[in-house]
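Structure first, commentary second.
The values are calculated or read from the model by the stated rules, or taken from the named source; none is laboratory data. Computed from a prediction, not measured in an experiment: that's the story for all the values here. When we count neighbours, we look across all protein chains shown, and the Cβ atoms used for this are built from the backbone with ideal geometry, even at glycine. Areas reflect the complete protein model, heavy atoms only, side chains present, ligands, DNA and RNA absent. Shrake-Rupley method; radii C 1.70, N 1.55, O 1.52, S 1.80 Å.
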Amino acid sequence: AGHAIGSSLHGAWRGVAFWRRAVPLYIRYRLAEKAINMDPDPRRRQARWDKLHDRYAPVALKAIMKLKGFYVKVGQVMSSRNDFMPMQFIRTLSRLQDDLPALASSQVRAIIEADLRQPLQAVFSFFNFTVLGAASIGQCHSAILRATGQKVAVKVQSPHAEKLF
C-alpha cells in the first residue's frame, strides 16, 4: 500500500508541475489573442502570432523535457499535428521524436546487469553504448549475443519509467 501511495503522490506532483507551467502559458495566449485580433492588418496579426509562438514553443519544450514520460509522448503527438499546431511548435517539439537525451553508459550497464543478474560481458560479446534511438520511456542499443553471435537490439527502459506514465 505504501508504494501505491508514493506513486500516487508522485503522479499528483507531476500533474501540479504541469498545470503550474500550462496555466500561465494559456493565460498569456488568451490575453494576446484579444490584443492581436483587434489589429485590422492580417499580416501584422500573423507576425504577432509568429512572435508569440517563437517565444513560447521553447518554453513548452523545456517543460516537457523536465516532466518526461507521458508529457514527452503528448509532445511527440503534438509535433506531428500540423493540422492545428503552429509551425513553430511543430519544429520545436519535433526534437522529441529523435533528439531525447540518452542515459549515461554507466546507467545503461547498471540497468542491464540488474535485469539480467549477470555482467554485461557474460551475455554480450559486443555491446554498443552509442544510442540507436531514445524515446519517451527508454532507448535502444545494438549488441551481439555471446552464446550465438546473433546481432540484437537491446531496449533499455529509463529508470522510473512506470512512474512517468
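Quick one: if the Förster radius is 45 Å, what FRET efficiency do Ala47 and Arg20 give, using the C-beta to C-beta distance and rounding to 0.05? Intermediate results must be reported in sequence, preceding the final value.
Working: r = 30 Å, r/R0 = 0.67.
E(calc), rounded to 0.05, equals 0.90.
List, largest first, the extents of the alpha carbons of the stretch 51-113 along their principal axes, each in whole Å.
Here the Cα extents, ordered largest to smallest, are 47, 20, 16 Å.
After finding the eigenvalues of the alpha carbon gyration tensor for the chain, what semi-axes result from the square roots of 5 times each, listed largest first in whole Å?
So the three semi-axes of the chain are 41, 21, 9 Å.
Under the definition of Cα pairs under 8 Å and six or more residues apart, what whole-number percent is the relative contact order of the chain? Please list the in-between numbers first.
Numbers: 167 pairs, mean separation 28.0, N = 165.
The normalised contact order for the chain reaches 17 percent.
Give the angle, between 0 and 90 degrees and rounded to the nearest 10, that separates the Cα long axis of helix 105-116 from the longest principal axis of the Cα atoms of the chain.
60
Based on the Cα coordinates of the stretch 77-165, what is the per residue volume of their convex hull in Å³?
Dividing the Cα hull volume of the stretch 77-165 by its residue count gives 106 Å³.
Long-range amide H contacts for Ser142: which residues qualify at under 5 Å (H placed 1.01 Å from N, peptide plane, sequence gap of 5 or more or a different chain)?
Asn128, Leu132, Val154
Any idea of the accessible area per residue across the stretch 9-165, 1.4 Å probe, to the nearest Å²?
66
Once both labels are modelled 7 Å past Cα along the beta-carbon direction, what's the Asp115-Trp13 spacing in nm?
With each label point 7 Å from Cα toward Cβ, the separation is 2.6 nm.
Taking all protein chains as present, what is the carbon and sulfur share of the accessible area of the stretch 38-77, in % to the nearest whole number, probe 1.4 Å? If you can, show how the numbers build up before the last one.
Details: 1620 of 2670 Å².
Using a 1.4 Å probe with all protein chains present, the stretch 38-77 comes out at 61 percent carbon and sulfur.
Grab the stretch 22-165 and count how many Lys pairs have their alpha-carbon atoms under 20 Å apart, sequence gap of 8 or more, or different chains.
10
Top mean-square fluctuation among Gln88, Gln121, Gln107, Gaussian network model of the chain, C-alpha springs under 10 Å?
Gln121
Compute the distance from the alpha-carbon center of the stretch 72-103 to that of the stretch 111-155, in whole Å.
28
To the nearest 500 deg cm²/dmol, what mean residue ellipticity at 222 nm is calculated for the chain from DSSP H runs of n ≥ 4 alone, each contributing -39,500 (n - 2.57), summed and divided by the residues?
So the calculated ellipticity at 222 nm is -19500 deg cm²/dmol.
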